[in-house]
Amino acid sequence: METVSTSTRVLSATERESFVGRTVELERLLAHGRGESVSTGIAVLAPPASGSSELLTQVYDHLFLDQDVVSPFYYCVKSSDSTSQAAASRFLKEFLTQSVAFKIKDPSMVNASPELKELSDLAGNADWLHQLIDSYHDDVYADIRSFVRHCLSAPLRAAAGGVRMFVIIDDLHNALTLEGGAGFLDDITSTFQRSPVPVVFCGQRRFLYGRTGFPIMRIEQLSFSEGGRLVAEKAASLGVPVNDQTRDLIVVQLGCSAGHISTFMSSAHDSGAGLSTFSLTEQFYTDELFGGRLSRRFDDILDRIAPDLEAQARLVGLLKETVDTERHRSPLALWSEQTGMSDVGLRAVLDSLYHHEMINLDASHVTLDTGNILLRDYIEARALLGSSDKRRALIVGETTAKIVRRAPELMSRFYRKNSSLGLLEIMESFDGRQISSLTLDYTRYKNELKGGPREQMSKAMQADRSSIRLPKCVFSAVTSAYYPPLDEICEPERSATAICVIEETGQAEIAWIAVEIDSKLEASRKAADFWCDRLEMAALNCNFDNYKLWLVAPEGFDDDAMATLNSRGAIGSSRQQVEILHELLSGEKASELNSKAEVYEFIVPMGDDTEMIAAHTVEEIVRRHNFPTKVINQIKTALVEACINAAEHSLSPDRRIYQTFAVEGEKITITVANRGLRLTDKDPVVPGVEGGRRGWGLKLIKSLMDEVRIETSDDGTRITMTKHIARVTENGLEPKPSQ
């Protein structure tokens with residue numbers, strides 16, 4: 001049987017040329033399916049309604065239509081199967097159908113439900129297929145669990161028969177909704193974790209995290225631009241009128257969710273709605289909240305969690321009450337009291353709401369993310385219908401008017417968010433490196449650089465010798481996640497807090513609390529005091545004993561404001577400073593090596609005066625680059641001291657010193673790294689006291705080199721030293737700036 005098809009779709013809902021985003025993820029999964037991954041499995045962790053299923057079916061379609069070697073199999077776990085036995089039976093039937101369809105290259109068969117006899121007739125001489133077909137109704141299994149395992153092992157039997165398989169199992173979180181679901185989930189994971197068949201497990205990220213030993217692929221919601229492209233693609237293909245303004249409103253209101261956007265646009269097409277104005281768009285959006293497909297998505301979740309309507313009403317009431325609190329959180333004791341559920345029953349309900357990302361949980365409270373506009377609107381709509389004495393028409397009318405009025409404000413807030421600096425991302429890149437104080441200190445920047453060309457300022461910051469060390473960020477979040485009252489005066493994205501460590505000074509932890517404030521001119525002392533007060537309140541409420549405040553204003557701060565900030569131990573910066581800082585942090589990491597540098601890598605064993613071998617090596621290198629003799633001697637001495645420091649104090653398990661010499665123009669950058677005890681793991685040593693050679697060695701290195709950076713890794717220490725030939729004058733070396 002031969003079938004010719006020009007379609008680019010088999011299981012996917014979108015033609016491949018209209019598929020938006022996920023290019024990197026698509027290529028990685030295709031390579032995995034072709035057997036090009038180190039691991040046999042990948043766990044795809046996705047937020048709800050992120051379009052992960054469309055990504056997986058796109059992968060399936062590519063492999064089904066574009067090659068003949070790897071036979072793909074896609075299976076989605078469905079709550080509608082009710083039992084693990086039914087789910088396993090469907091697994092086997094769909095596997096047989098898809099395998100035969102791929103064998104005869106008939107895409108139409110994948111979505112059909114052929115009889116077993118037809119599959120047997122089309123299987124040809126594939127004995128393994130005939131054996132599986134014959135076993136479909138076999139009643140010889142000792143129990144249901146044995147039958148389930150038999151069905152799930154079908155791809156392994158195919159592989160044993162010489163077929164190259166690729167298995168995709170989607171919506172794995174639905175397994176626990178089945179009768180016998182815990183065993184079903186365990187059988188799926190154990191079957192494929194031990195098999196050589198490439199497999200992809202996909203499910204809700206909060207559910208699937210930590211359940212497999214596979215490498216993780218994280219799927220996020222689409223970016224704003226990708227969401228806009230998806231709306232435009234759907235509008236064009238479905239014939240739904242939109243314009244640029246309503247396109248952006250749809251993306252913002254639906255949180256860039258591919259699943260929600262697709263549902264919304266399909267519903268608009270089916271109802272004949274036009275989305276060419278804010279008013280029309282919000283009228284249809286309100287219809288979706290009160291019984292449309294978007295609301296039914298959430299209804300289905302609640303129906304599974306709490307089938308009893310009275311229990312559902314209590315849950316919705318608690319969700320609404322949580323939304324309305326100042327910090328959008330409510331105590332678990334309140335949920336226990338108002339639901340009347342047992343501890344076990346309540347925990348099951350809360351876990352399910354958590355996995356669907358309708359709530360956040362900690363040990364004592366339930367919290368809602370009010371940034372999820374659609375979820376918040378759904379909760380308010382359901383609560384109004386369930387608790388108000390008003391007629392439905394009046395409730396819908398008042399809600400529509402409210403949402404229509406809200407639209408311009410919603411977009412205004414988004415534009416402000418879109419223009420923010422991204423302080424959270426910037427502080428996430430804090431890695432303990434040394435940077436020029438020009439990037440943070442507005443007074444110095446104003447006196448030395450402000451008003452010059454952007455490129456010139458960036459170069460000056462890179463060349464500046466007066467450096468400060470950034471902390472190393474280990475966790476960050478918007479400040480309102482720590483201190484919700486800040487939302488009342490500041491958009492969440494304009495303030496961020498990073499939990500950092502400063503290993504060099506021995507400080508275990510410091511919180512950097514940053515805020516981006518508005519000011520047409522240089523910010524005043526009054527503004528500086530106001531924001532310092534608010535951020536200090538956040539620090540006190542979070543019990544941050546050690547913290548640093550960082551204020552950023554578009555044009556920086558006037559002299560009085562900077563005096564205030566300095567007196568309070570705070571940092572004041574302009575927007576342009578922070579933009580340049582972001583560029584520097586986004587570039588190369590601590591080694592600062594680039595393609596223009598000539599790089600030499602060298603490893604020496606510790607002991608037996610091997611530091612002299614390293615010194616001889618670096619001398620040969622720098623002589624080739626015409627470094628002056630005096631500079632060569634200083635470099636050699638600094639390198640010897642660094643090697644001695646590594647050998648004497650690290651207790652290194654491999655007894656090796658790893659060195660890199662990078663020469664670029666009139667500069668050499670040397671790194672000396674070792675495993676073992678880090679400098680911060682040792683007690684401070686006072687120079688001049690017996691056993692204190694390490695203190696003298698580091699002091700000597702800093703006196704000989706222009707830039708010295710000491711960094712700790714997870715298991716060792718790295719010293720980076722830079723020397724500039726340009727600092728040599730006819731009369732010798734210029735004075736070295738204070739460190």
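Things to note:
- Close amide H partners of Glu555, meaning residues 5 or more places away or on another chain with modelled amide H under 5 Å apart, are Ala523, Arg575.
- The range 215-289 and the range 606-655 have Cα centres lying 62 Å from one another.
- Three-way shape label, the range 407-459, alpha-carbon gyration tensor, a/c 1.5: oblate
- DSSP bridge orientation in the chain - percent antiparallel, rounded to nearest 5: 65 percent
- In the chain, the portion of solvent-accessible area held by carbon and sulfur atoms comes to 49 percent [1.4 Å probe, whole percent, DNA, RNA and ligands not counted].
- Label-point separation, Ala333 to Glu310 (7 Å along Cα→Cβ), nm: 2.6 nm
- At full extension, Ala182 and Leu238 could sit 16.1 nm farther apart than now, given 0.36 nm per residue minus the alpha carbon distance.
- Degrees, to the nearest 10: 373-387 long Cα axis against longest axis of the chain: 50 degrees
- Shape of the range 450-500, Cα gyration tensor, a/c cut at 1.5: oblate
- Simple spin-label estimate for Glu115 and Ala363 in nanometres, 7 Å along Cα-Cβ: 6.3 nm
- Couplings 3J(HN,Hα) for the range 296-301, derived from phi with the Karplus relation 6.51 cos²θ - 1.76 cosθ + 1.60 (θ = phi - 60°), are 5, 4, 6, 4, 4, 5 Hz, where x marks Gly and Pro.
- Take each peptide in 120-127, 653-660, count the other Cβ atoms within 10 Å of every residue, and average; sorted highest first, the result is 653-660, 120-127.
- Relative contact order (%) - criterion: Cα under 8 Å, at least six apart; region: the chain: 8 percent
- The chain - mean residue ellipticity at 222 nm from DSSP helices (-39,500 (n - 2.57) per run, n ≥ 4, rounded to 500): -15000 deg cm²/dmol
- Gain on full extension, evaluated as 0.36 nm per residue between Glu398 and Arg575 minus their Cα-Cα distance, stands at 59.5 nm.
- Put simply, the amide H of Val604, placed in the peptide plane, has neighbours under 5 Å in Ile657, Gln659, leaving out anything fewer than 5 places away on its chain.
- Per-residue ³J(HN,Hα) for the range 348-357, Karplus 6.51 cos²θ - 1.76 cosθ + 1.60, θ = phi - 60°, Hz, x for Gly and Pro: 5, 5, 5, 4, 5, 4, 5, 5, 7, 6
- In the chain, one over the average inverse separation of all distinct C-alpha pairs is 30.6 Å, which is the Kirkwood hydrodynamic radius.
- ³J(HN,Hα) computed for each position of the range 223-229 - Karplus, 6.51 cos²θ - 1.76 cosθ + 1.60, integer Hz, glycine/proline x: 6, 4, 5, 5, x, x, 5
- Global geometry of the range 334-445, whether rounded, prolate or oblate, following the gyration tensor of its Cα atoms and the 1.5 cut on a/c: oblate
- Put simply, the amide H of Glu707, placed in the peptide plane, has neighbours under 5 Å in Thr722, leaving out anything fewer than 5 places away on its chain.
- Helix 575-586 and the longest principal axis of the C-alpha atoms of the chain enclose an angle of approximately 80°.
- Estimated FRET transfer efficiency (Glu17, Asp609; beta-carbon r; R0 56 Å; 0.05): 0.25
- Per residue, the range 430-558 exposes 46 Å² of accessible surface when a 1.4 Å probe is rolled over the protein heavy atoms with every protein chain present.
- Between 0 and 90°, nearest 10: helix 84-104 axis offset from the chain longest Cα axis: 80 degrees
- FRET efficiency for the Leu540 to His269 pair, using the beta carbon distance and R₀ = 60 Å, is estimated at 0.70.
The values are calculated or read from the model by the stated rules, or taken from the named source; none is laboratory data. As the structure is a computational prediction, the values presented were derived from the model and not from experiment. In this analysis, Cβ positions are derived from the backbone assuming ideal geometry, glycine residues included, and neighbour counts consider all displayed protein chains. Ligands, DNA and RNA are excluded from the accessible area calculation, which covers all protein heavy atoms including side chains. Shrake-Rupley method; radii C 1.70, N 1.55, O 1.52, S 1.80 Å.
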